[in-house]
Structure formats: structure tokens, C-alpha cells
1. (1) modelled with pLDDT of 90 or more; (2) over 13 Å from the mean Cα position of the chain (by Cα): which one isn't true of residue 111, the others all being true?
2. How about the stretch 68-85: which of its residues are open to solvent by less than 40 Å² (accessible area, probe 1.4 Å) and modelled with pLDDT under 90?
3. Can you pull out every residue in the stretch 19-45 that is touching a Phe, Trp or Tyr at 6+ places or on another chain (Cβ under 8 Å) and at pLDDT 95 or above?
4. Which of the residues belonging to the stretch 50-67 are open to solvent by 80 Å² or more (accessible area, probe 1.4 Å) and either in contact with a Phe, Trp or Tyr (Cβ under 9 Å, 6 or more places away or on another chain) or β-branched (Val, Ile, Thr) (or both)?
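The values are calculated or read from the model by the stated rules, or taken from the named source; none is laboratory data. Not measured: the values here are computed from a predicted model. Here Cβ is always computed from backbone atoms with ideal geometry, including for glycine, and neighbour counts include all displayed protein chains. In case anyone asks, the SASA skips ligands and DNA or RNA and just uses the protein heavy atoms, side chains included. Shrake-Rupley method; radii C 1.70, N 1.55, O 1.52, S 1.80 Å.
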Amino acid sequence: MSSAARPIGTLACLALASCSAVSSNVPIMDLLPAPTAPTLMIDSTPPGAEARASYGGVCRTPCELPIPVTDTFTVTYTLEGYLPQTIPVRAILAVKSALIDTTPPRFEPNPLLADLKPAPPPEPPPVKKRQRP
């Protein structure tokens, strides 16, 4: 190696060593936000129904529920004077690439809408016939 190449090689080594020393003191920061639970929009016709998710969340329509995406679940609607209705919801996990999430987790359907049907009127109690003595 020529004598002119040695100082350049020495400078290059020092520069690389100083970079590694500096980078070890720099705190590591995660620039990507932490994943959050997606929100399921819940509504009903008529409004005011209790919506109860099978995982445990409850709200009155119209409402929103943040739901941890793990698996398929159901939402059951109840409202006095109407038939209860249960609707399945499919959880779609995030599609990941090598570096970042390319699509966020979501639900299908979203928004979730129940069209509640009126309950049939209760049957009148049977009329008792009097027996003749």
C-alpha cells in the first residue's frame, strides 16, 4: 500500500469508528404509531337499541365501539317492543410487509346496521270457561 493511501485509510477508519460511537448514544425511536383497535360503527333502525358485542362491549345505537381485532364475533341488538337481532362481524387483520403495516385492521361489515322488526303483540290470556254445577 502506498504511503498516500495510509492516511486516507486511517481517516476512513476513524470516521467509521466515530459514526458507530455516535449512533450507540442515540436513543432508538419507533417512528410508527402503536397499533390501535379499529372502531366499529354501530347503528339501528329504530335508534336506541342496546348493541352487545360477543367479546363484551356494550353501547346504545348509534354508537362506536373500539374492538381489538382478533377473530370473528357477533353483535346482538335488543330494544323493547322489537325482536332481537344478531349480526356476525368478520375481523380482518392488518396485512404486514417487511417494514410497516400496509393496511390497517378492519371489520366487515362496517358500519354495522340492524333493521329491527317489531315484536308480535303478546297473545291474550286464555279465557276460563265457567263450569256449570
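1. The number of the failed condition is (2).
2. Within the stretch 68-85, just 69 meets the criteria.
3. Of everything in the stretch 19-45, just one residue is touching a Phe, Trp or Tyr at 6+ places or on another chain (Cβ under 8 Å) and at pLDDT 95 or above, namely 44.
4. Scanning the stretch 50-67 gives 52, 55.
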